[in-house]
Amino acid sequence: MKTAPMNFMPGAEFAQRSETALNDPALRSSFRGAMDFLQGKRRAQFPDAIALENLRRESEAIRRYSLSRLPDLLEQLERNLIRNGIVVHWAETPDEANRIMLEIARRHSARLMIKGKSMVSEEIGFNHAMAAAGIEAMESDMGEFIVQLAGEAPSHIIMPAIHKSKQQIGELFHDKLAGVPYTENVDELILTGREILRKKFAAADIGISGVNFLVAETGTLCLVENEGNGRMCTTVPKVHIAITGIEKVVEKLEHVPPLFTVLTRSATGQPVTTYLNLISGPRQANEKDGPDEVHLILLDNGRSQAYDDEELRTTLQCIRCGACMNHCPIYARIGGHAYGTTYPGPIGVIISPHLLGLAATHKLVTASSLCGACSEVCPVKIPIPQLLVRLRAEAVAGSPTAHPIRGTGSSSSLLMNLVWRGWALVYGQPAIYRGVSWLICRLRFLTPSAQGAWTSCRSPLKPAAKRLRDLLAEEKSRS
Amino acid sequence: MSARDNILARLRKAPVIPAPAPATRECEAREDQATLIAQFTDAMRAAHAEVFFTDEDAWPKLLLRLAEEKGVNTLLIGENTNHGQRLSKRHPDSLRLICYDRPASAWKSELFNEVDAGFTAARSAIADTGSLVLWPDQHEPRLMSLVPPIHFVLLDAATIAPSLASVMASEAWSAGLPSNVLLISGPSKTADIQQTMAYGAHGPRELIVLVCRTSQGRPA
């Protein structure tokens, strides 16, 4: 694979990538088409606004309750997983998580690992870390398989290859896979993937998966999927390693049905996915299939930082449905790759500062018009625009709390600080304000006609010849 | 300190923000079984599964007819199940029955390459989403419902419950789960290429449900 893990991108590059994406008509049409499709499908699943609101409230309450007891639930989960025979690992950083993966792989002399869809594995740069150690890590979700074949990263958390047309995928298969003729017939393309990957499922030493929900009371991993590759990865190889974030735990099994239904309907507009796979242990002595070992890696990677603040903690309510990106006017236009982070779109810009620090992500939090569409569709009611405003303030002015987040104040500049201080001085003193505004009207001829980004597509701003107070005074004297 | 201790220490140090425990959902008013069967059938068919109605006496004949129509040459059955044995007593010579009586590792290649269809029972089902509930075990292991391109399922109509929550409650799932529990709501599918639905992504291309209306589980 060519691309390095995209986990850091300076702001200038974000602007440049956005511009490139905006000027790519094929890309924009792929995203526009997909967004319209997904919005329509979701809408059809929620015909009753009151029922939807009730379900959102219930789901939000479950997530908030789970987070309120997070450390207790993690310990309860761990106890029950161990009792069920599942090995639990904890990782503070992506490197630690990859080290744990490698240790398990080495113990089993693994050459090939087959992976079901897992955004957390993208977050830790799993494929590259394994490749560096000489182990092949192969994607098995159809979308991820396509993206890996192209040497790219997923552009959407639910539909990774959403940026590609079937013609592009047809060409990709023809170029990269021996003996595959060009076709744009989707059934044939999927059949090609199926045949290649079936051999890999049977040959792989280790299967990797993510987790949608962890159930503390029973010690259960819940996996939601349509294709069956997740079931293959968690059943066929002799070792299964699941990796997920520490925030995914719920207390009770009865908390799963509401979250499951709101997830599938919000994500792809399906009443239910083809499979819900509940794993509560490795293969038992009398069983004929299933993995001999099941491992769970619980990853922090900045989540505990979000947890530390009442407002930012709501970020962790997320169940990764992707509805916010499907409804985001910015995401629809620039696509997922422009963000340069594992998680793009509205959820991406509020979670990435915790994973990567604000120094690397402060430009991203400005990639929103604050229109609020994301929080309106969020099934767990995360106040995304409010969090964006908070993160913008953190990036510029530093933290308002005793526990600043990593990289706080990293986008403040001396010039900007001086400008704002000057502004505060002028607007705080009526006499100075009057004098300065009088002066500005007289110096308006000095206004430059090129005003940076503003004049790239707008006419220049020029102060008025007369102040409002002067106009009002004239009006008064006339009457 | 270990990663575990560090993570838990950070979480414990964070402000305590109490949130009320979510109310346990009241289970839906119990519909009559005919309504649940209809709801289940509609949802299953909408998800591209085939549903047939039969009874305790007639299902083997129906299954064999469907298998023949679909060109099934080899059918995988479970070990020591009543329904598997009934089938093995009356199958025609043209249909080869394979019994899942060894660990998968002992016959992986044959399982992946030579089996046309698998036949299992469902433990129960869910009406509102059209889902089958399977608890794979030593008799009917996990891969029977995943690897063969066609999956035939025998379902007792009396076990169709209104919702996932009601199944979990009535079967007391929280008291203890087996190593694997599955909900299956149609054939394997994907829309990963330009939102175009394709069936048979990695699992079965076809899901065929035989709903058995009379059986020992029939409500009084």
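Miscellaneous remarks
- Residue identified as touching an Asp or Glu at 6+ places or on another chain (Cβ under 6 Å) and in a helix (DSSP H, G or I) among B:Leu111, B:Leu87, B:Leu143: B:Leu143
- Among residues of the stretch B:1-25 that are more than 7 Å from chain A (Cβ to nearest Cβ) and over 30 Å from A:Ala51 (Cβ atoms), those with a Cβ under 9 angstrom from a residue that is among the aliphatic types (A, V, I, L, M) and surrounded by fewer than 11 Cβ atoms within 10 Å (Cβ to Cβ), sequence gap 6+ or separate chain, pair up as B:Ala9/B:Met1.
- Hey, A:Val239 within 27 Å of B:His48 (Cβ to Cβ), modelled with pLDDT of 95 or more and assigned by TED's automatic domain parsing to the domain that holds A:Ile86 or not: no
- Residue match in the stretch A:429-442 (condition: without any contact (Cβ under 8 Å) to a residue 12 or more places away in the chain, surrounded by 14 or more Cβ atoms within 10 Å (Cβ to Cβ) and either out of contact with any helix residue (DSSP H, G or I) (no Cβ under 6 Å at 6 or more places or on another chain) or in a helix (DSSP H, G or I) (or both)): yes
- Within the stretch A:270-370, helices (runs of 4 or more DSSP H) holding 3 or more residues that are hydrophobic (A, V, I, L, M, F, W, C): A:323-326, A:329-334, A:345-356, A:358-361
- Yes/no for B:Glu79 being under 20 Å from the mean Cα position of the chain (by Cα), under 28 Å from A:Asp289 (Cα atoms), more than 14 Å from every other protein chain (Cβ to nearest Cβ) and not aromatic (Phe, Trp, Tyr): no
- Test set (1) surrounded by 23 or more Cβ atoms within 10 Å (Cβ to Cβ); (2) under 14 Å from the mean Cα position of the chain (by Cα); (3) among the charged types (D, E, K, R) - B:Asp137 fails condition number: (1)
- The conditions of being surrounded by fewer than 21 Cβ atoms within 10 Å (Cβ to Cβ), closer than 22 Å to A:Lys41 by Cβ and touching a residue at least 40 places away in the same chain (Cβ under 8 Å) are not met by A:Ser266.
- Check on A:Phe126, closer than 27 Å to A:Ala110 by Cα, within 11 Å of chain B (Cβ to nearest Cβ), in contact with a strand residue (DSSP E or B) (Cβ under 7 Å, 6 or more places away or on another chain) and touching a residue at least 24 places away in the same chain (Cβ under 8 Å): no
- Test: B:Asp101 is touching a residue at least 12 places away in the same chain (Cβ under 8 Å) and either away from every other protein chain (no Cβ under 14 Å) or not in a loop (DSSP other than H, G, I, E, B) (or both): no
- The stretch A:53-79, residues that are among the hydrophobic types (A, V, I, L, M, F, W, C) and more than 8 Å from every other protein chain (Cβ to nearest Cβ): A:Leu55, A:Leu73, A:Leu77
- Residues that are surrounded by fewer than 14 Cβ atoms within 10 Å (Cβ to Cβ), of a type in the set (Asp, Glu), touching a residue at least 40 places away in the same chain (Cβ under 8 Å) and not in a helix (DSSP H, G or I), drawn from the stretch B:26-54: B:Glu28
The values are calculated or read from the model by the stated rules, or taken from the named source; none is laboratory data. As the structure is a computational prediction, the values presented were derived from the model and not from experiment. As a convention, Cβ positions derive from the backbone with ideal geometry for all residues, glycine included, and neighbour counts pool all protein chains shown.
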